[in-house]
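Working notes, beginning with the structure itself.
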Amino acid sequence: MKEYKLIGPITQLISLSNTPVKGALKDEDLIIIKDAGILMHREQIHAVGKFSELKDKTEVLDAEIHELKADYVATPGFIDCHTHICFAGSRARDYAMRNSGKTYLEIAKAGGGIWETVTKTREATIEQLIHSTTKRANQLLKNGITTIEVKSGYGLSVEEELKMLRSIKETDLNIEADLIATCLAGHMLPKDYDGNHTKYLTEISEQLFPILKTEGLTNRIDAFIEQSAFTAEHIYPYFHKAKDMGFDITVHADQFSTSGSEVAVNVGAISADHLEASTEREINLLAKSDVVSVALPGASIGLGCAFTPARKILDAGGALAIASDWNPGSAPMGDLLTQACILGTFEKLSNAEIIAGLTSRAAMALNLTDRGTLTSGKLADFNLFQTNDFNEIWYHQGKLTPSHVWKRGDLIYTKQ
Ligand code: NIG
Ligand code: FE
């Protein structure tokens, strides 16, 4: 195996380099390199430029050359920065009940809701969780998603959260995509705590957080801020403890009511996700801050709710990433590309804003500086779509999937 690899000529290469990290983007702002090449060195990009020029350079480098014979568009590998793909069971019954008009409370009384998934996930073995998480991650990979954030949050006890996070870590070792784990022990109050939120969160921060560090399971802490889960008052001390220990913070914010995004800004979170209920006030708070706003169109489609006000967030100057929220309850579809395209049509997003939301800005939402653009020094994670026009990807609303996916300098998926 040679150390250098060169691929091209690529009809259009969308590098996302020089794309502003915040604010609205016009398609004209995107840098498109025609007849491009990507020169890789091991798992990184060594250079991006005109294929013919790179080819001349490779004579001295003795590179393995992958010469393309059809039209292709190259994009950075997509990053799904918010998922819950480690779970057991199905919530098809919830979905049917919700669509036929049953309320959240009625569904919970019938044994549905997040707690049903907690019960099923607690019953599952580590091996079963690894198996189903692997399957879902590989499904995402075929759509060009080379980095996937995965939350715990269906364990809700020290031992069960550890089981989930160990499963995620083990899955990451076995698959091609990179999994970025997040501890969502603050998803809801477990039933056995008699309404004592503080007791539960204190136990988690004192007993679980140190193990997350020693086992290297995650450096990210998330919580669901909502009346049905945890209030801002419950969460401030929890997040402060996490920050003091060096964890990054991310928040399930403003899904049904506001307050989560304000907490995110006040604690200096990396991202605030959902935001379907955000008003002008929250949008402006977020836009002025360094917190990345994450739209989750899959949850809007799954629940039949409003979309995240993505247009307003961008116009106010915010950074917007787009993620699938793939979970068994509110977002069972798990098709990020389709969802991002649909968000684009309803929120009037430019294709530049959509792709930045899936790549460079999604990397920011995970605090990852080694990926998200096709630039020298970044990971050689990229997709090839068999078309001659970048706009075709979004026009096909998720039906045009990559023909080739490269991850860390290796071709790891070819569409049959
Ligand atoms: O991001 N909002 C809270 N948590 C998940 C839903 C989880 C579930 O219903 O299982 C979400 O939508
Ligand atoms: Fe979520």
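The values are calculated or read from the model by the stated rules, or taken from the named source; none is laboratory data. Every value quoted in this text rests on a predicted model; they were computed, and no experiment measured them. Here Cβ is always computed from backbone atoms with ideal geometry, including for glycine, and neighbour counts include all displayed protein chains. Note: accessible area is taken over every heavy atom of the protein model, side chains too, but ligands, DNA and RNA are not part of it. Shrake-Rupley method; radii C 1.70, N 1.55, O 1.52, S 1.80 Å.
Taking 0.36 nm per residue of sequence separation and subtracting the Cα-Cα distance, how much length would be gained by fully extending the chain between residue 305 and residue 29, in nm to one decimal? Numbers along the way, then the final one.
Numbers: separation 276, 0.36 × 276 = 99.36 nm, distance 3.18 nm.
Using 0.36 nm per residue and subtracting the Cα-Cα distance, I get 96.2 nm.
Could you tell me whether segment 70-139 comes out rounded, prolate or oblate from its Cα gyration tensor? Rule is a ≥ b ≥ c as square roots of the eigenvalues, rounded for a/c under 1.5, then prolate if a/b exceeds b/c, otherwise oblate.
It comes out oblate by the Cα gyration axes.
Using a 10 angstrom cutoff on alpha carbons, build the Gaussian network for the chain and name the most mobile of 56, 290, 248.
Among 56, 290, 248, the largest GNM mean-square fluctuation belongs to 56.
Assign unit charges at the C-beta atoms only (+1 for Lys and Arg, -1 for Asp and Glu), then state the dipole size of segment 37-190 relative to its Cα centre in Debye, rounded to the nearest 20.
Working: 19 positive and 22 negative charges, 166 e Å.
The dipole magnitude comes to about 800 debye.
How would you classify segment 79-365 from its alpha-carbon gyration tensor, with a ≥ b ≥ c the square roots of the eigenvalues: rounded for a/c under 1.5, else prolate if a/b is greater than b/c, otherwise oblate?
Working: a/c = 1.24, a/b = 1.17, b/c = 1.06.
Since a/c stays below 1.5, the shape of segment 79-365 is classed as rounded.
Name the GluC sites (Glu not before Pro) in segment 59-100 that are in a loop by DSSP and that have at most 12 other C-beta atoms within 10 Å, would you?
Loop-located and lightly packed - none at all.
I want the local charge near residue 23. Using Cβ-Cβ distances under 11 Å, sum +1 for each Lys or Arg and -1 for each Asp or Glu among the other residues.
Local net charge: 0.
When DSSP assigns beta bridges and you keep just the ones with both residues in the chain, what percent turn out antiparallel, to the nearest 5? All intermediate terms of the calculation are to be shown ahead of the outcome.
Details: 26 of 58 bridges.
DSSP beta bridges in the chain are roughly 45 percent antiparallel.
Leaving out ligands, DNA and RNA, and with a 1.4 Å probe, what % of the accessible surface on the chain is carbon or sulfur?
Working: 8310 of 16380 Å².
Carbon and sulfur: 51 percent of the exposed surface of the chain.
Which value, in debye to the nearest 20, gives the size of the charge dipole of the chain about its Cα centre, when Lys and Arg are +1 and Asp and Glu are -1 at the Cβ? Can you show the working numbers first?
Numbers: 42 positive and 54 negative charges, 96 e Å.
Here the chain has a charge dipole of around 460 debye.
Segment 179-239: which GluC sites (Glu not before Pro) are DSSP loop and have at most 15 other beta-carbon atoms within 10 angstrom?
On the way: sites: 203, 206, 215, 226, 233; in loops: 215, 226.
For GluC sites (Glu not before Pro) across segment 179-239 that sit outside H, G, I, E and B with at most 15 neighbouring Cβ atoms in 10 Å, the list reads 215.
Describe numerically, in nm with one decimal, the distance between label points set 7 Å from Cα along Cα→Cβ at residue 411 and at residue 279.
5.5 nm
Go through segment 43-85 and name the trypsin sites (Lys or Arg not before Pro) that are in a DSSP coil and have 13 or fewer other Cβ atoms within 10 Å of their Cβ. All intermediate terms of the calculation are to be shown ahead of the outcome.
Numbers: sites: 50, 55, 57, 69; in loops: 69.
Answer by residue number: 69.
Can you tally the net charge around residue 279? Count Lys and Arg as +1, Asp and Glu as -1, for every other residue whose Cβ sits under 13 Å from the Cβ of residue 279. Could you put the intermediate results ahead of the total?
Numbers: positive: 281, 312; negative: 254, 262, 276, 280, 282.
Combined, the nearby Lys, Arg, Asp and Glu give -3.
Among 140, 185, 126, which residue has its Cα furthest toward the positive end of the charge dipole of segment 79-365, with +1 on Lys/Arg Cβ and -1 on Asp/Glu Cβ?
Final value for the positive-end residue is 140.
Could you order 270, 38 so the one with the most accessible surface comes first? Probe is 1.4 Å. Working shown, then result.
Numbers: 270 30, 38 0 Å².
Most to least solvent-accessible, the answer reads 270, 38.
Please list, by residue number, everything in segment 374-416 whose backbone N is under 18 Å from a paramagnetic label point 7 Å out along Cα→Cβ of residue 173.
Within reach of a label on residue 173, which here means backbone N under 18 Å from a point 7 Å along Cα→Cβ, segment 374-416 contributes nothing.
If R0 is 41 Å, what FRET efficiency do you get for residue 119 and residue 53 from their C-beta distance, rounded to 0.05?
On the way: r = 59 Å, r/R0 = 1.44.
Calculated transfer efficiency: 0.10.
If you rank 252, 66 by how much accessible surface each has, with a 1.4 Å probe, what is the order from largest down? Mind dumping the intermediate values first?
Details: 252 5, 66 55 Å².
Correct descending sequence by accessible area is 66, 252.
Where the Cα atoms of segment 298-416 are projected onto their three principal axes, how long is each span, largest first, in whole Å?
Principal extents (Cα only, largest first): 40, 33, 30 Å.
What distance in nm lies between label points placed 7 Å from Cα along the C-beta direction at residue 3 and residue 90?
5.2 nm
Would you rank 389, 80, 62 by solvent-accessible area, highest first, keeping every protein chain in place and using a 1.4 Å probe?
Listed by decreasing accessible area, they come as 62, 389, 80.
Would you mind calculating the gained length between residue 127 and residue 108 on full extension (0.36 nm times residue separation, minus the Cα-Cα distance), in nm to one decimal?
Separation in residues times 0.36 nm, less the Cα-Cα distance, equals 4.0 nm.
Defining a contact as two alpha carbons under 8 Å apart and six or more residues distant in sequence, what relative contact order in percent does the chain show? Show your work: numbers first, answer last.
On the way: 984 pairs, mean separation 85.1, N = 416.
For the chain, the relative contact order is 20 percent.
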